[in-house]
1. Amide H to amide H, which residues 5 or more places from Val69 or on other chains are under 5 Å from it, using H placed in the peptide plane?
2. By average Cβ neighbour count within 10 Å, what is the ranking of 66-77, 37-48 from highest down?
3. Rounded if a/c is under 1.5, else prolate if a/b beats b/c, else oblate: with a ≥ b ≥ c from the C-alpha gyration tensor eigenvalues square-rooted, which is segment 53-106?
4. What does the extension gain come out to for Leu128 and His50, with contour length at 0.36 nm per residue minus their alpha carbon separation?
5. Taking the number of other C-beta atoms within 10 Å as the exposure measure, put Val129, Val149, Val99 in order starting with the fewest.
6. Which of Ile23, Ile136, Ile63 ends up with the largest GNM mean-square fluctuation for the chain, with Cα atoms connected below 10 Å?
Amino acid sequence: MARKPDLRVVPAAAREPTLDLGILPNQVGYHLRLAQIAVFEDFAETFHDHGMSPGRFGVMVLIEANPGVSQGQLAQAIHLDRSTMVSVIDYLEGRDLVVRKASATDRRTNALWITPKGAELLADLKKLVEQHEERILADLSAEERAQLVQLLNRVKRQNLL
């Protein structure tokens, strides 16, 4: 009988590097990547029972906030290629969380809508994401949190085409 893989998260202390990191500790990208890993690990643990990834959650939030949005508009807004967006929407539609309808203005595109089941789940997920954000930012003051978002937005604006 095959053994199941060990999916436990390795404690941060056990992940401390034992080798010389060279210039990496002075590189913003290195720290952004480590922060992203920490955020995604907590998100995955928080949302594990809901089958929701950060990307899927974000797509649901955008569809709820923009009823009737097209898949192309969504893909452009979150910088995903269209084929990846199709698979995300297929997953959400398969769970009856969103629905595709022919666009009223262009029959060649689909408009996306959140379903009642999706809206109910999203309300619960928003509460969980607030708890997740509080956990990952617990060491930062409200001012530091606002500054972090502002600084990341500046980096993003400068470098996204």
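Bear in mind that the values in this text are calculations on the coordinates, not laboratory data. A quick note: this is a predicted structure, and the numbers were derived from the prediction, not measured. All Cβ positions, even for glycine, are placed from backbone atoms using ideal geometry, and neighbour counts span all protein chains on display.
1. Distant-sequence amide H within range of Val69: Leu112.
2. Going from most to least packed, we get 66-77, 37-48.
3. rounded
4. Contour length minus Cα-Cα distance gives 27.0 nm.
5. Ordered from fewest to most neighbouring Cβ atoms within 10 Å, Val129, Val149, Val99 come out as Val149, Val99, Val129.
6. Of the options given, Ile23 has the highest mean-square fluctuation.
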